[in-house]
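Only one structure is covered here, and it is reproduced in the block below.
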2 protein chains.
Amino acid sequence: MNEKKILFVVLDGGGDLPVSELDNLTPVEAASTPVLDNLSAKGLCGLMDVLKPGMVPGSDTAHLALLGYDPFDKYIYSGRGPVEAAGIGLVVHPGDIAFRANFATLKNGIIIDRRAGRINKRTDELAKLINGREIDGIKILFKEGTEHRGALILRGPGLSADVTSNDPKVEGWPPRPFEASSIEGKRTADVLNKLVNQLARKLPLLAANEERREQGKNEANYLLVRGAGEAMLLPAFGGKQGIKPVCIAGGGLYKGVATLTGMKVLDVPEATGGIDSDFHIKVKRSLKCLDDDSYNFVFLHIKATDNAGHDGKPLIKKNIFERIDSALEPILEYKDIVIALSPDHSTPCSLKDHSCDPVPCFITAPGRRTDSAKKFGERFAMQGSLTGIRGKHFMNLVFGLANRNKKFGS
Amino acid sequence: MNEKKILFVVLDGGGDLPVSELDNLTPVEAASTPVLDNLSAKGLCGLMDVLKPGMVPGSDTAHLALLGYDPFDKYIYSGRGPVEAAGIGLVVHPGDIAFRANFATLKNGIIIDRRAGRINKRTDELAKLINGREIDGIKILFKEGTEHRGALILRGPGLSADVTSNDPKVEGWPPRPFEASSIEGKRTADVLNKLVNQLARKLPLLAANEERREQGKNEANYLLVRGAGEAMLLPAFGGKQGIKPVCIAGGGLYKGVATLTGMKVLDVPEATGGIDSDFHIKVKRSLKCLDDDSYNFVFLHIKATDNAGHDGKPLIKKNIFERIDSALEPILEYKDIVIALSPDHSTPCSLKDHSCDPVPCFITAPGRRTDSAKKFGERFAMQGSLTGIRGKHFMNLVFGLANRNKKFGS
């Protein structure tokens, strides 16, 4: 069989709802997207529940599902910490517990800024204070991420992810104590409580924070920790299909998922993971990877659509779709590859958060069938033959249409 | 997020098949239903398999599925008895076995009337004879229901639902002996055989039966018992979604399901559970509940459509849909709630029984998407985006569209 190369594009949070400013169209329905329309018309489309009907996907669980992993299996997914850690480049070993961490600003025992003024300098000095500590025989590993973010790992005997967070999730409240959510979590909660208390005494003394105080900025004098999870030991992505995958993404989470599935993650500085990301460069790099026989699968992640949804900006979201569409134009020249595209979830501008609404997706494969959907967008995709498909089946279908799945039976 | 209140309407047995007297339309397709059409056009529609494709749902299993419980889990559902008992107001404890019971007429050892002339008076006197007995250390509880119906509970050690029924299901045959269907059912079968034999001797002696004999009516001199099931300990309906549910229904079964899921069941005398039910009053009471902040979820059950299906009366069924539609009109004023409607199963007039044919349903939620289905009915719903959904996902989708589901992952 003629096995095809695959380009898989995720438009993060791309699904949306009808918007009155856009004549009750969704942002992508309202946008002029000739390239996405062309690919939709040539391929199979559908409205897809990424997890289950009615369920609101997180970005982590949604990406796992789209890549064919079962996020409901607790050995696949037990929390976001390990994904963030992988994205930052920390390796979580079996038995470790990994967390997402934020530098925050505490004043008179109250969290006044959960992001410490989105601190983006000298966080390596803060990390150095944390990384390498040992508490009650448990080793602490820490690495800074972008801005106020970081990943924390506890390593040692008797740990568990059954532990609550110290993050009250809103400002104006004191941090919460870590608590065990089962008997197994006791030791982990104790270590975390000791750790944040030690840091609360020592972080203000660092030169980096002295500088922030002098500049009138919120200092990074406290550590908020959440998303406890165990090591994720995922089977290699596309291992049975001969896939040699590469990921181009800005955000740490997506790089993390890619790393955990065994993808090579390219360093593309123009991929910022924000609205200012250079989509043209990301697409060019993707196509270059497809030209190169080191790879036969490119996972291209675009985050900007999600940001516009969270910000509640439908006109900006529409414009982002148009910028993405224009950037995607060169892929029309690649007539012998399978092109699959899907949001990971809907982030409707009217709700400013993830929602349960299914996402429009398509798979365009050379020589395969077409269906009734002739444009890209929620209402158009609904007409397509993939409507009703679940996220967990999407990648297997992509592999199948790339002639990469073996017969089951004979 | 802006959490919405929910109105959930079940049109029992509402699905049907093309009928020649109705120009090969189904009863609801033939009916004039402007309100259901309006709600369908504004929302998402679909043809739904309530259990699995090809499977014929019972009313009990279908309602459990629609409310999000898995009827294939034997700890959720092991038989109809416990549901009937709950509907009548009997509480089934763990270890109890509950049954549905009918008063019947036995003559010369033959069942000549399985419903004892649909006896509807003095059944409390008959119940008194049964309730409180004790046989071989097993306590007998009994409560009369509507007409010839009642619920029976056995309480004590060593009981099991693995027991056959004494009901031959047709008249003109003798009752069957109860038999154990596994080794565990032996004691239960023995107690039941002793019980019905005791009652066969004592029931004819009661004054209530003397009166029936004088009036030339079939006497209630025998007890048919079926639907053995264990206690159903269901998690509270919508417990994770902050649901405060209330049920408005006529039939005991539906009140039973509602009770078992922790719903408040309103006493509405005009809700008869029959063709004579006052739909206008039921809808008014439903809307009053939605106006009241004690509730945020109304389960409104309408049985008449099923009765017309069982009777094989398509013109009456069509007319019932028109009466229901007219009664539903005031809900169009409630623009900020989620309105979900589904039959529990099809009861085609041509088959006079439940069938496997999927049911037309819709969910209309403020600010959400619409799809291609513009009217209510089997062939119209088929065009909608929910086609392919299963009953077990329906309520989760309703919760999601009411902004009541939490993110899975982050």
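Restricting attention to segment A:236-258, report how many residues are more than 14 Å from chain B (Cβ to nearest Cβ) and farther than 21 Å from A:GLY95 by Cα. Walk me through how you get there before you give the answer.
Residues of segment A:236-258 more than 14 Å from chain B (Cβ to nearest Cβ): A:236-250, A:255, A:258.
Retained after the next criterion (residues that are farther than 21 Å from A:GLY95 by Cα): A:237-250, A:255, A:258.
Total satisfying the criteria: 16.
Restricting attention to segment A:375-409, the residues that are small (Gly, Ala, Ser), out of contact with any strand residue (DSSP E or B) (no Cβ under 9 Å at 6 or more places or on another chain) and surrounded by 16 or more Cβ atoms within 10 Å (Cβ to Cβ) add up to 1. Annotation: of all residues in segment A:209-235 being away from chain B (no Cβ under 14 Å) and under 18 Å from the mean Cα position of the chain (by Cα), the one that is surrounded by the most Cβ atoms within 10 Å (Cβ to Cβ) is A:GLU230.
Against the list (1) touching a Gly at 6+ places or on another chain (Cβ under 6 Å); (2) among the small types (Gly, Ala, Ser); (3) within 14 Å of chain B (Cβ to nearest Cβ), the condition A:GLY273 fails is (3).
Of the residues A:ASN209, A:ASN166, A:ASN218, which is of a type in the set (S, T, N, Q) and assigned to a helix (DSSP H, G or I)? Spell out how you get there, then give the answer.
Working: A:ASN166 fails: assigned to a helix (DSSP H, G or I); A:ASN218 fails: assigned to a helix (DSSP H, G or I).
That would be A:ASN209, the only listed residue that is of a type in the set (S, T, N, Q) and assigned to a helix (DSSP H, G or I).
Of all the residues in segment B:114-147, those that are in contact with a strand residue (DSSP E or B) (Cβ under 8 Å, 6 or more places away or on another chain), at positive phi, in contact (Cβ under 8 Å) with a residue 40 or more places away in the chain and surrounded by fewer than 23 Cβ atoms within 10 Å (Cβ to Cβ) number 1. None of A:GLY242, A:GLY216, A:GLY227, A:GLY256 is over 21 Å from A:TYR77 (Cα atoms), in contact with an Asp or Glu (Cβ under 8 Å, 6 or more places away or on another chain) and small (Gly, Ala, Ser) except A:GLY242.
Taking B:SER32 and the conditions (1) in contact with a Cys (Cβ under 6 Å, 6 or more places away or on another chain); (2) closer than 30 Å to A:PRO18 by Cα, which numbered condition does it fall short on, given that it satisfies the others? Of the numbered conditions (1) in contact with a Cys (Cβ under 6 Å, 6 or more places away or on another chain); (2) closer than 30 Å to A:PRO18 by Cα, the odd one out for B:SER32 is (1).
Any chance you could count how many residues in segment B:56-74 are under 14 Å from the mean Cα position of the chain (by Cα) and within 22 Å of B:PRO168 (Cα to Cα)? Talk me through it step by step, then tell me what you get.
Taking segment B:56-74 first, the residues under 14 Å from the mean Cα position of the chain (by Cα) are B:57-67, B:71.
Applying the additional criterion that residues be within 22 Å of B:PRO168 (Cα to Cα) yields B:57-60.
Of the residues in segment B:56-74, 4 are under 14 Å from the mean Cα position of the chain (by Cα) and within 22 Å of B:PRO168 (Cα to Cα).
The set of residues from segment B:332-371 being touching a His at 6+ places or on another chain (Cβ under 6 Å) and surrounded by fewer than 20 Cβ atoms within 10 Å (Cβ to Cβ) comprises just one member, B:LYS352. Of the residues making up segment A:105-140, those that are under 22 Å from the mean Cα position of the chain (by Cα) and either of a type in the set (D, E, K, R) or at pLDDT 95 or above (or both) are A:ARG114, A:ARG115, A:ARG118.
Just the residues that are among the hydroxyl-bearing types (Ser, Thr, Tyr) and either more than 21 Å from A:VAL163 (Cβ to Cβ) or away from every other protein chain (no Cβ under 13 Å) (or both), please, taken from segment A:46-97.
At the first step, the residues of segment A:46-97 found to be among the hydroxyl-bearing types (Ser, Thr, Tyr) are A:59, A:61, A:69, A:75, A:77-78.
The answer is A:SER59, A:TYR69, A:TYR75.
Can you go through B:ASP12, B:ASP37 and tell me which one is at pLDDT 95 or above, in contact with an Asp or Glu (Cβ under 8 Å, 6 or more places away or on another chain) and not aliphatic (A, V, I, L, M)? Quick ask: steps written out before the conclusion?
Numbers: B:ASP37 fails: in contact with an Asp or Glu (Cβ under 8 Å, 6 or more places away or on another chain).
The match here is B:ASP12.
Can you tell me which residues in segment B:39-76 are over 26 Å from B:PHE99 (Cα atoms), buried (at least 20 other Cβ atoms within 10 Å of the Cβ) and of a type outside the set (S, T, N, Q)? If the condition is that a residue be over 26 Å from B:PHE99 (Cα atoms), buried (at least 20 other Cβ atoms within 10 Å of the Cβ) and of a type outside the set (S, T, N, Q), then B:LEU39, B:GLY43, B:LEU44, B:CYS45, B:GLY46, B:LEU47, B:MET48, B:ASP49 are the ones that fit.
With the requirement that a residue be within 13 Å of another protein chain (Cβ to nearest Cβ) and farther than 21 Å from A:ALA271 by Cβ, what does segment A:1-20 give you? Please lay out each step first, then the result.
Just the residues of segment A:1-20 that are within 13 Å of another protein chain (Cβ to nearest Cβ), to begin with: A:13, A:15-20.
Residues satisfying the conditions are A:GLY15, A:ASP16, A:LEU17, A:PRO18, A:VAL19, A:SER20.
Could you please let me know if A:ALA180 is touching a Cys at 6+ places or on another chain (Cβ under 9 Å), at pLDDT 95 or above and not β-branched (Val, Ile, Thr)? Answer is no for this residue. Within segment B:102-113, being farther than 15 Å from B:GLY216 by Cα and surrounded by fewer than 18 Cβ atoms within 10 Å (Cβ to Cβ) holds for B:ASN108, B:GLY109, B:ILE110.
Once segment B:122-156 is narrowed to residues that are of a type in the set (D, E, K, R) and outside any strand (DSSP E or B), the residue that is nearest to B:GLY250 (Cα to Cα) is B:GLU147.
Within segment B:245-262, restricting attention to residues that are touching a His at 6+ places or on another chain (Cβ under 8 Å) and part of a strand (DSSP E or B), the residue that is surrounded by the most Cβ atoms within 10 Å (Cβ to Cβ) is B:ILE248. When the test is whether a residue is touching a residue at least 12 places away in the same chain (Cβ under 8 Å) and surrounded by fewer than 23 Cβ atoms within 10 Å (Cβ to Cβ), B:LYS284 passes it.
Quick one: would you say A:VAL28 is facing chain B (nearest Cβ under 10 Å) and either free of Cβ contacts under 8 Å to residues at least 40 places away in the same chain or on the phi < 0 side of the Ramachandran plot (or both)? In short, no.
Please go through segment B:90-108 and pick out each residue that is touching a residue at least 60 places away in the same chain (Cβ under 8 Å) and in a loop (DSSP other than H, G, I, E, B). Talk me through it step by step, then tell me what you get.
As a first pass, look at segment B:90-108 and keep what is touching a residue at least 60 places away in the same chain (Cβ under 8 Å): B:90, B:92-106.
Residues satisfying the conditions are B:LEU90, B:VAL92, B:HIS93, B:PRO94, B:GLY95, B:ASP96.
Among the residues of segment B:75-89, those identified as part of a loop (DSSP other than H, G, I, E, B) and under 14 Å from the mean Cα position of the chain (by Cα) are B:TYR77, B:GLY79, B:ARG80.
Does segment A:169-178 include one or more residues that are part of a loop (DSSP other than H, G, I, E, B) and aliphatic (A, V, I, L, M)? Looking for residues that are part of a loop (DSSP other than H, G, I, E, B) and aliphatic (A, V, I, L, M), one finds at least one in segment A:169-178, hence yes.
The values are calculated or read from the model by the stated rules, or taken from the named source; none is laboratory data. Fair warning: this is a prediction, and the values are worked out from it, not measured in the lab. All Cβ positions, even for glycine, are placed from backbone atoms using ideal geometry, and neighbour counts span all protein chains on display.
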